[in-house]
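Visitor: Below is a structure I'd like to ask you about.
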Protein chains: 2
Amino acid sequence: MKQPTICPRFEKAISLLSQRWTALVIYQLLSGPQRFNEIQSSVGISGKVLSERLKDLEHQGVVKREVIPETPVIIEYSLTEKGLSMEPILKAIENWSQAWIEPGSGSAD
Amino acid sequence: MKQPTICPRFEKAISLLSQRWTALVIYQLLSGPQRFNEIQSSVGISGKVLSERLKDLEHQGVVKREVIPETPVIIEYSLTEKGLSMEPILKAIENWSQAWIEPGSGSAD
DNA sequence: TACACTTAGTTACATAAAGTAAGTTATTAT
DNA sequence: ATAATAACTTACTTTATGTAACTAAGTGTA
């Protein structure tokens, strides 16, 4: 049994961010709207999982999917207001990583 | 092929925080040194995974394990300086969750 | 001393999540 | 018509988590 000593809203936010790849995908989208393959190759995630994550993030109102009826049709993913508001979190992680993680070591991939 | 558009230090920090339970354990320890069972019951993690996480966090210099030779012997886990310096991250998540997550809904995990 | 209880784990086995790679549908370039 | 690209999906394998029982050391009680 879990007795939530911890705030359920906080837990929910954590469980969102603790999903593998989610934070990285959001971070990537922070630099602007992007297409599926763009995100996939810059983040290094498999198509399968990216597709899952994007759907999930869409349902949670963090990411917006737009079909742009250009020449062949472009599908563009971007952050919603909710997603953009996570920037301070990602920046905090970035700052911490600059201060405390040494670059050279182990396996990042 | 993956081309790391993303800073390896940042990725490393993310992969640390994206491990299930890790952020919650650190958050919990932010409120002070605690014992194994205390963390386990407040976070709602299994002993097996907690043990793994704690070892991992120790290796990464985030958590410190201390054996206190009191009456029966107490094993206390606490954050190192590196661990304490993650507070802004957790606070940012907390703030975001207060602003953007509604408490009542679905499945947290 | 024997029996039960607590702490701090570990072990074995079951289920869920991720990775890999090939396949799909639509469109476009040659 | 053939090959290529974008955006996914499907099938199958590997890894991570969950569950629950078990261990070792110490303590409390009768």
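Visitor: Express the relative contact order of chain B as a whole percentage, based on alpha carbon pairs under 8 Å and six or more residues apart in sequence.
Guide: Answer for chain B is 23 percent.
Visitor: Using only atoms on other chains, find how many Cβ atoms lie within 10 Å of each Cβ of peptide B:81-91 and report the average.
Guide: The per-residue average across the peptide is 4.
Visitor: For chain A, compute the orientation-averaged projected area of the C-alpha convex hull (one quarter of its surface), in nm².
Guide: 9.3
Visitor: Shortest first, in nm, what separates the label point of A:Val67 from those of the same position in the other copies (7 Å along Cα→Cβ)?
Guide: 6.4
Visitor: Based on the Cβ-Cβ distance from B:Arg35 to A:Glu52, what FRET efficiency comes out when R0 is 30 Å, to the nearest 0.05?
Guide: For B:Arg35 and A:Glu52, the calculated efficiency is 0.20.
Visitor: May I ask you to work out the translational diffusion coefficient for the protein assembly as shown at 25 °C, viscosity 0.890 mPa s, via Stokes-Einstein with Rh from the Kirkwood sum over Cα pairs, reported in whole µm²/s?
Guide: 133
Visitor: Restrict the search to the range B:63-101; then list the GluC sites (Glu not before Pro) that DSSP places in a loop and that have at most 13 other Cβ atoms within 10 Å of their Cβ.
Guide: B:Glu70
Visitor: Once the Cα atoms of helix A:47-59 and of chain A are each reduced to a long axis, what angle between those two axes, in degrees from 0 to 90 to the nearest 10, is obtained?
Guide: Result, in degrees: 80.
Visitor: Also: Can you list, shortest first and in nm, the gaps between the label point of B:Asp56 and those of its counterparts in the other copies, using a point 7 Å from Cα in the C-beta direction?
Guide: 1.6
Visitor: A further question on this structure: List the distances, in nm to one decimal, from the label point of B:Pro33 to the label points of the same position in every other copy, shortest first, placing each label point 7 Å from Cα along the Cα-to-Cβ direction.
Guide: 5.4
Visitor: I would also like to ask the following. Along the range A:15-22, what does the Karplus equation 6.51 cos²θ - 1.76 cosθ + 1.60 (θ = phi - 60°) give for ³J(HN,Hα), rounded to whole Hz, x for Gly and Pro?
Guide: Per residue, the Karplus-derived 3J(HN,Hα) values read 5, 5, 6, 8, 5, 3, 6, 4 Hz.
Visitor: Then there is this: For B:Ile74, which sequence-distant residues (separation of 5 or more, or a different chain) have an amide H within less than 5 Å of its own amide H, given hydrogens modelled in the peptide plane?
Guide: The answer is B:Ile68.
Visitor: Give the chain A residue with the shortest beta-carbon distance to the rotation axis relating chain A to chain B, plus that distance as a whole number of Å.
Guide: In residue-and-Å form, the answer is A:Ala92, 2.
Visitor: Determine which lysines satisfy two conditions relative to A:Lys64: a Cα distance under 30 Å, and not lying fewer than 8 residues away in the same chain.
Guide: A:Lys12, A:Lys48, A:Lys55, A:Lys82, A:Lys91, B:Lys2, B:Lys12, B:Lys91
Visitor: Assigning unit charges at the beta carbon (Lys, Arg +1; Asp, Glu -1) and nothing else, what dipole magnitude in debye, to the nearest 20, does chain B show about its Cα centre?
Guide: For chain B, the charge dipole is close to 400 debye.
Just so you know, all these numbers are worked out from the coordinates, no wet-lab data involved. None of the values given here were measured: they were computed from a predicted structure. Counting neighbours? That spans all protein chains shown, and the Cβs are built from the backbone with ideal geometry, glycine included.
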